[in-house]
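Inspection log for the structure reproduced underneath, given as structure tokens.
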Amino acid sequence: MPTNMKMNQYHWAAYFLALKCLMLTACSGSTTGQLTPPVPPVSPSPPAPPTKPVLNLQQRAQRRIQVVELKNEFRKTLIESLNIYARDTESADQAKRARTHIKAIETRQWTSPMILPNQSVKTKVQQQYNAAIADARRQLHSGLLEMINDNPDAGPCTNLLVNLEDSEDVELMARCMDFYWHHQLLDWPPMSYSNVIELSRRYVQLESDDVEVYVDAAWLLWSRWVTWKIHPARMPIGEAGDKAAQQLLLEGREKNMANGQYHYEAAKAMWPVAKYHDSTYYSFVIDSLKLAEKYPESDKAHAATCKLLGHTYRAMKDLKAAANWYEKGLESAPDDEVLTRMLREVTSGEANQSAEQN
């Protein structure tokens, strides 16, 4: 998935924290963020519902033809590049794979390049093939973006959403997710990120190992639920967004059971919901982190998972369990200053609790 559509998780957290602060300030009528009884308006009236954009059907048909032409040109380049690769490669297995891939493209089974073997040193034939594919991708994406920017309402992204269930073009989905991320007024209702979420759901059906798409969509779902709780009229589709976020992540869990990174990122996505909005979601966070701890990618990843488990149990006031996980994290990262400090603090707090009970 293109990196330009991705947001760093810390960026996400800062964004939604800022959004939360703005909401609190708006509710209180104060610049301090302290909640005070709001002053009722003199003449209260419900906000006027936004007007849904009217599509230009003639432009939509024209853009559909242009999209088909672009994809046909892309297919043609793929086939030409694969024929050259099959002819020049010294590997009989690779030549056979290339010819099989050509047949799949010609019969419209898919529209994607063949993935070459993962090796540090590429042969000259492989380098030429990769360069040809990279150039074909640039031309396809450039053409699609030109159409989107020219008329987003009747562009290929609108066509994609209309026929999303039948589409398997994940590259176009990725581009359209990026586009709608920056054009939220085209959502229905506006600013709801509905288009990004809808595209994300279809995308992960085809690319089930893309962790970031699952996590980003979950963030969007529960964040508009938070907006709905404060301003229902502004986000009428936000109700139950928290449950939808968890359900999406559970679906991803089934498809990524042995992927420790997925479970860790899923836990981080729902952790703010559990801490600030509904503590029942701590059970999902803990289950996800224990799966991440079962499938660590490295000692560093294992330590980070144990650290977040410790933070979770500490937030739940279970200091003994928190201490156990901080200790386990130190087994993988004995020099981690945060784990050392947190273990010292919860151990001291546990001793104080025991003294108070006695």
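The values are calculated or read from the model by the stated rules, or taken from the named source; none is laboratory data. Predicted, not measured: the structure shown is a model, and the values here were computed from it. Positions of Cβ are backbone-derived with ideal geometry, glycine not excepted, and every protein chain shown enters the neighbour counts.
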- Message: When you scan the range 248-270, do you find a residue that is assigned to a helix (DSSP H, G or I) and over 15 Å from Val211 (Cα atoms), even just one?
- Response: no
- If we keep only residues of the range 178-229 that are part of a helix (DSSP H, G or I) and of a type in the set (Asp, Glu), then the residue modelled with the lowest pLDDT is Asp178
- Checklist (1) within 21 Å of Ser208 (Cα to Cα); (2) in contact with a Gly (Cβ under 7 Å, 6 or more places away or on another chain); (3) part of a helix (DSSP H, G or I); (4) not charged (D, E, K, R) applied to Pro296, failing item: (3)
- Message: Any residue that is modelled with pLDDT of 95 or more, acidic (Asp, Glu) and buried (at least 23 other Cβ atoms within 10 Å of the Cβ) - is there at least one of those in the range 272-279?
- Response: no
- Task: Could you tell me whether any residue of the range 150-163 is surrounded by fewer than 22 Cβ atoms within 10 Å (Cβ to Cβ) and farther than 28 Å from Ser112 by Cα?
- Result: no
- Query: So which of His263, His302 ends up being at pLDDT 95 or above and over 25 Å from Lys243 (Cβ atoms)?
  - Reply: His302
- Task: Give the residue, chosen from Ala315, Ala321, that is aliphatic (A, V, I, L, M), surrounded by fewer than 20 Cβ atoms within 10 Å (Cβ to Cβ) and closer than 23 Å to Trp222 by Cβ.
- Result: Ala315
